[in-house]
1. Picking from A:L136, A:L158, which residue would you name as being within 14 Å of chain B (Cβ to nearest Cβ), in contact (Cβ under 8 Å) with a residue 40 or more places away in the chain and not in a loop (DSSP other than H, G, I, E, B)?
2. Inside the range B:1-59, can you point out the residues that are small (G, A, S) and over 23 Å from the mean Cα position of the chain (by Cα)?
3. Among the candidates B:Q36, B:Q28, which residue alone is outside any loop (DSSP other than H, G, I, E, B) and more than 14 Å from chain A (Cβ to nearest Cβ)?
4. I'm checking my understanding of the structure. Among residues of the range B:159-168 that are facing chain A (nearest Cβ under 7 Å) and out of contact with any Lys or Arg (no Cβ under 6 Å at 6 or more places or on another chain), which one is nearest to A:M130 (Cα to Cα)?
5. What number of residues within the range B:169-183 are at the interface with chain A (Cβ under 9 Å from one of its Cβ atoms) and without any contact (Cβ under 8 Å) to a residue 60 or more places away in the chain?
6. Take the residues in the range A:139-152 that are assigned to a strand (DSSP E or B) and either without any contact (Cβ under 8 Å) to a residue 40 or more places away in the chain or within 14 Å of another protein chain (Cβ to nearest Cβ) (or both), then tell me which one is nearest to A:L78 (Cα to Cα).
7. What number of residues in the range A:76-99 are touching a residue at least 60 places away in the same chain (Cβ under 8 Å) and more than 21 Å from B:H75 (Cβ to Cβ)?
Amino acid sequence: MKLTPILTVALLGLAAAPALAEQAGHSPDHTMPAHEAASVTQGDLTLTGGFTRATLPGAPVAGGFVTITNAGNADDVLTGGQATFAAEVQVHEMAMEGDVMKMRHLPDGLPIPAGSSIDLKPGSFHLMFMGLKQPLTEGETVTVDLTFEKAGTVTLPLAVMGPGAKSADHSAH
Amino acid sequence: MNGNAFRLIRLALWALVGAALLATLWFQVLSPRLNQEITAEIGIGDYKLETTDGSSFTAASLKGEPSAVFFGFTHCPDVCPTTLGDISIWQEDLAKDNATLRVFFISVDPERDTAQTLGDYVSWAPGVVGVTGTRAEVDKALKAFKIYARKVPGENGDYSMDHTAYVMLFDANGRFDQVITYQELPEKVLPKLRKLMNL
């Protein structure tokens, strides 16, 4: 009966495996498809895939999203901006800590290091349009003037996507 | 192989058997039981809030049919619209079975979210009813649903809210079923909803 312990281990292992797998949990990982939306280049910076989302009725705020690539040798910083449709444009960081959503204004701006690409996207860094003066309607395009420490002011068109849009890609939800 | 080495191997295997038994006991019996005790209380409390369609919202409101409960606020640029967007996708799919899930969107920011503001905000997502009330009653609800929410001051008296971002499901008896995590994929969510709603 020398095999018995081995068999027992194997059987128990099989029995416990599903429970263990379930405990390990799953966190859904969303990878956004790369898309070729209108891009704006100024100096060393290229801004692509800019979008915002149609506001829910009466929503006082909206988020703005864009990918910023710094092809230069010097770091730059996105400090904020201006938009005709909002009282204020701020740069925010959103982070999930466990199941808790935490949002912070970045008063010192968002660094765009030399030679790197920073995504402002749902669930992460974003532009925060405070004090909306008008609703944003799906299908429209709005513009925002972003302020960078080195590159200066960059005028960026933002496609207004559906309220739950996760990228400027029309095929995605 | 000598006898000693063999004894050692046997010992090691028995140790593994013991570990596997303990793991089974914990994951299959003890842990679910503990969780059950904690989760049985979720949603139970004496909070009295009001919905954006003019009725009252209490623990008893969860009974009668299955429902989903989500905490958020209208000054929320990302998580709340994203979740309402996800909920719309679920509802579209459930509509194939002529079903609509009851969803309560409870404000963590009642100072700014009046019934009027919140009602407009959620009106866009099918089946969603806004819930707000006095700060004291909202605090009772936060406690009852075991939701974390904290005011984070910004500039010029402005502020944001940190808050738990999952959607909680309740069965027709008002008993907590499970959570749907933020941005959980529809293919994982829909089977949970169909099971909850007996579809």
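Nothing in this text is a laboratory measurement; each read-out follows from the coordinates by a stated rule. Everything numeric here is computed off the predicted structure, so don't read it as measured data. Here the Cβ is made from the backbone with ideal geometry for all residues, glycine too, and neighbour counts use every protein chain on show.
1. Values: A:L136 fails: not in a loop (DSSP other than H, G, I, E, B).
None of the other options fit; the residue is A:L158.
2. The answer is B:G3, B:A5, B:A12, B:A15, B:G18, B:A19, B:A20, B:A23, B:G54.
3. Details: B:Q28 fails: more than 14 Å from chain A (Cβ to nearest Cβ).
None of the others qualify; the one that does is B:Q36.
4. The selected residue is B:S160.
5. Count: 2.
6. Applying the filter and picking the extreme gives A:V144.
7. Total meeting the criteria: 4.
To keep it simple, each residue is scored yes or no on (1) surrounded by 15 or more Cβ atoms within 10 Å (Cβ to Cβ); (2) aliphatic (A, V, I, L, M).
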site	(1), (2)
A:L45	yes, yes
A:R53	yes, no
A:T67	yes, no
A:V77	yes, yes
A:G80	yes, no
A:K102	yes, no
A:P107	no, no
A:A114	no, yes
A:L136	yes, yes
